[in-house]
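*Asks:* Before we start, here is the structure in question, set down as structure tokens.
Every number here is computed from the coordinates shown, using simple stated rules; none is lab data. Predicted model, so just to flag it, every value in this text is computed and none were measured. Ideal geometry is used to build each Cβ from the backbone, glycine not excepted, and the neighbour counts take in all protein chains shown.
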Amino acid sequence: MERVLQKMRPSTASIQALILALAVTGAASHVAGQVGTGQTVIQKATEQFENSPLKTTVLGQGLFMFSGDGGDVTAIVDSGSTLLIDSGVDTRVTELSDTIFKATMRPVTRLVNTHWHFDHTGGNVFFGSAGVTIIAQENVKKRLSSVQSVPFVGLRDGHYPPEALPTIIYSSIMTLHQGPQQLLLVNYGPAHTDGDTVVYISPANVAVVGDIFSNHFYPIIDLASGGSIDGVIHSLDEILARTDEQTKIVPGHGPVATRANLEEYRDMLVQVRQRIVDLIAAEKTIDEAVAAAPTKQFDAKWGSGYVPPNVFTKMVFSSLTYGGSTGR
């Protein structure tokens, strides 16, 4: 099952050239093919999404998290309806919908997408066709509207039908209300993608951060969607500044986390970035950077997901070399 992206970052000619070169030479598929036994990152992730049990976690105050069938899905319930954050993968959306209704006993009327990737938007067709209002940052609609391809991970998808597209979009900040809860939607600029949304829910004190943070996995940095290691770290700094020790952090994948978990993840990324900056300054090639194993100290904890250390290193190296900067 091959899914997702093609549009190149229009403002950065060098990153376009890199992606084009990867497409022509097959380097991206070669790198991704090192995952598992010949699996791409996305094939490995999809296998996990298809076979993991769907779990329900109660977050309190009418909030629930559903995990296992793609990206983590959050539900906020009021007296008459349910608002969702993300919609999982398309092949399990009926199961997800049934599980959500059993937990909330309210129909879904609104859906927020944290970004455009298939494991967070796969259920959009199902919910959109049922009249659910879809809300997202403006770049999500642009990317879902066309074929997209992500280098290094084997992801290709789109374009999505009209009923799966957001009908309410925002640029940098938006406020919603769901019963007693206020939802502050914020885009801190390109990070994991160029359309990331972080949702702060109060007074529940929950932050839904999408794939800016996966618990405990190395992240995908979607270079073709404007993502960068610097942008991820910048967004994490902003999230840490708005949260406290009691905040429940809903990651893009994995169990509910704490602010301390998020801080540990941010510090890991900063250290890996600096090591790769030093390798670039020493004029090492991308393959030499991988051979230097800049993530080795962290692999036992963060390298067991579907993004292996060598692919993560290549994404960070490419972000720093072709994405414009070598530090923030």
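*Asks:* Check whether at least one residue in segment 148-161 is out of contact with any strand residue (DSSP E or B) (no Cβ under 9 Å at 6 or more places or on another chain) and among the small types (G, A, S), and report yes or no.
*Replies:* Within segment 148-161 (the criterion being out of contact with any strand residue (DSSP E or B) (no Cβ under 9 Å at 6 or more places or on another chain) and among the small types (G, A, S)), the answer is no, since none of the residues qualifies.
*Asks:* A further question on this structure: Hand me the list of helices (runs of 4 or more DSSP H) wholly inside segment 111-211 holding 1 or more residues that are under 20 Å from H234 (Cα atoms). Full working, then the answer.
*Replies:* Numbers: elements: 118-121, 124-129, 138-144.
It comes to 138-144.
*Asks:* Please specify each residue of segment 261-299 satisfying the condition of being outside any helix (DSSP H, G or I) and closer than 24 Å to I212 by Cβ.
*Replies:* P294, T295
*Asks:* Of these, E163, E138, which one is touching a helix residue (DSSP H, G or I) at 6+ places or on another chain (Cβ under 9 Å) and surrounded by fewer than 24 Cβ atoms within 10 Å (Cβ to Cβ)? Full working, then the answer.
*Replies:* Details: E138 fails: touching a helix residue (DSSP H, G or I) at 6+ places or on another chain (Cβ under 9 Å).
Residue meeting the stated conditions: E163.
*Asks:* Shifting gears a bit: For A130, which of the numbered conditions (1) among the aliphatic types (A, V, I, L, M); (2) within 26 Å of L54 (Cα to Cα); (3) buried (at least 19 other Cβ atoms within 10 Å of the Cβ) fails to hold?
*Replies:* Exception for A130: condition (3).
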